[in-house]
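*Asks:* The structure under discussion is supplied below as structure tokens; questions concerning it will follow.
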Amino acid sequence: MIKKPNVNASIITHDTDKLAAPTGNLYESIVVISKRARQISVNLKEELNGKLAEFATTVDNLEEVFENREQIEISKFYERMPKPTILATDEFINEEVMHRRVENTEE
């Protein structure tokens, strides 16, 4: 589970020079952040689906569908979490993301 309690969930402005510093190129940094955000998003989605699958029923009767308090709390927890892009940007700024450039060796 990805938990970052010290990450601010609101949007903040970042210095573009600090974002560009690790890679030497702002656009390359954005690509690294976006790929990491996609990884975080997939992991969170799989984790949420796994937890909600415990509550799934095979019965399609509307009378048997009821509000499950635990299911609602799990959903609210994931809704309150910072967005994957915020988490990925924070990881990138704190140098917690490993990245490398693949060189083309065409001759």
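The values are calculated or read from the model by the stated rules, or taken from the named source; none is laboratory data. The structure presented is a predicted model; accordingly, all values stated were derived computationally and were not measured. Using ideal geometry, Cβ is built from the backbone for each residue, glycine included, and neighbour counts are taken over all protein chains shown. The accessibility values were calculated without ligands, DNA or RNA, using every heavy atom of the protein model including side chains. Shrake-Rupley method; radii C 1.70, N 1.55, O 1.52, S 1.80 Å.
*Asks:* List the number of the failed condition for Ile33; all other conditions in (1) aliphatic (A, V, I, L, M); (2) modelled with pLDDT under 90; (3) more than 15 Å from Ala9 (Cβ to Cβ) hold.
*Replies:* Ile33 satisfies all of (1) aliphatic (A, V, I, L, M); (2) modelled with pLDDT under 90; (3) more than 15 Å from Ala9 (Cβ to Cβ) except (2).
*Asks:* For region 5-49, give me each residue that is without any contact (Cβ under 8 Å) to a residue 12 or more places away in the chain and of a type in the set (Val, Ile, Thr).
*Replies:* Once the filter is applied, which keeps residues that are without any contact (Cβ under 8 Å) to a residue 12 or more places away in the chain and of a type in the set (Val, Ile, Thr), region 5-49 yields Ile12, Thr13, Thr16, Ile30, Val31, Val42.
*Asks:* Could you say whether any residue in region 6-22 is open to solvent by less than 90 Å² (accessible area, probe 1.4 Å), of a type outside the set (Val, Ile, Thr), at pLDDT 90 or above and assigned to a helix (DSSP H, G or I)?
*Replies:* yes
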